[in-house]
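Asker: Before we start, here is the structure in question, set down as structure tokens.
The values are calculated or read from the model by the stated rules, or taken from the named source; none is laboratory data. The model shown is predicted, which means the values in this text are computed figures rather than measured ones. Here the Cβ positions follow ideal geometry from the backbone for every residue, glycine too, while neighbour counts run over all protein chains shown.
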Amino acid sequence: MNEQIKVLLVDDDERNIFALSAYLKAKKIKVETASDGQECLDKLQQINVDVVLLDMMMPVMDGFETLEIIRQDEHLKNSKVIALTALAMKGDMERCIEAGADDYCTKPIDINVLVNKINTLINKK
């Protein structure tokens, strides 16, 4: 099932991109990457992905601003987005969901939990 899945991983930390990409590829998930919100938006205009894995804490354009633009864009608004964040305080999950994320995953990422969330979102189509 995973072989058709393609995600866009958006994170400003190269170590996170490297580690998560390796884990996802090991699970037979195709991975495209972007290092900031603007690059994410540019890539979403050029490629089709099943799910966007969006780091919420990035410089310049953070995940909240990026998500707001995605949800307002006629062509992107139905994109499936999982917020990735080190924010694990009470209310943070709600804040991400209210901003338009379909789901939420805290860092450090449990790859099995993340893959289950990706599969669940894709099967909701």
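Asker: If I ask for residues that are surrounded by 12 or more Cβ atoms within 10 Å (Cβ to Cβ) and acidic (Asp, Glu), which ones from the range 84-109 would you list?
Answerer: Those that are surrounded by 12 or more Cβ atoms within 10 Å (Cβ to Cβ) and acidic (Asp, Glu): 92, 102, 103.
Asker: Right, next: Consider residue 88 carefully, then state whether it is of a type in the set (Gly, Ala, Ser) and modelled with pLDDT under 95.
Answerer: yes
Asker: Could you check, for the range 110-120, whether at least one of its residues is over 17 Å from residue 32 (Cα atoms), in contact with a Phe, Trp or Tyr (Cβ under 6 Å, 6 or more places away or on another chain), part of a loop (DSSP other than H, G, I, E, B) and free of Cβ contacts under 8 Å to residues at least 60 places away in the same chain?
Answerer: no
Asker: May I pose another question? Return yes or no: is residue 49 assigned to a loop (DSSP other than H, G, I, E, B) and in contact (Cβ under 8 Å) with a residue 24 or more places away in the chain?
Answerer: When the stated conditions are applied, residue 49 passes them.
Asker: Same structure, new question: Of the numbered conditions (1) buried (at least 18 other Cβ atoms within 10 Å of the Cβ); (2) outside any loop (DSSP other than H, G, I, E, B), residue 23 satisfies every one except a single condition; which is it?
Answerer: Here residue 23 clears every test but (1).
Asker: Another question, then. Consider only pairs whose beta carbons are under 7 Å apart and that are at least six residues apart or on different chains; among these, list those whose first residue lies in the range 12-27 and is closer than 16 Å to residue 39 by Cβ and whose second residue is surrounded by 12 or more Cβ atoms within 10 Å (Cβ to Cβ) and charged (D, E, K, R).
Answerer: From residues that are closer than 16 Å to residue 39 by Cβ, the pairs are 12/36; 12/55; 17/11.
Asker: Suppose we filter the range 43-68 for residues that are within 19 Å of residue 7 (Cα to Cα) and over 14 Å from the mean Cα position of the chain (by Cα); how many remain?
Answerer: Going through the range 43-68 one residue at a time, the tally reaches 3.
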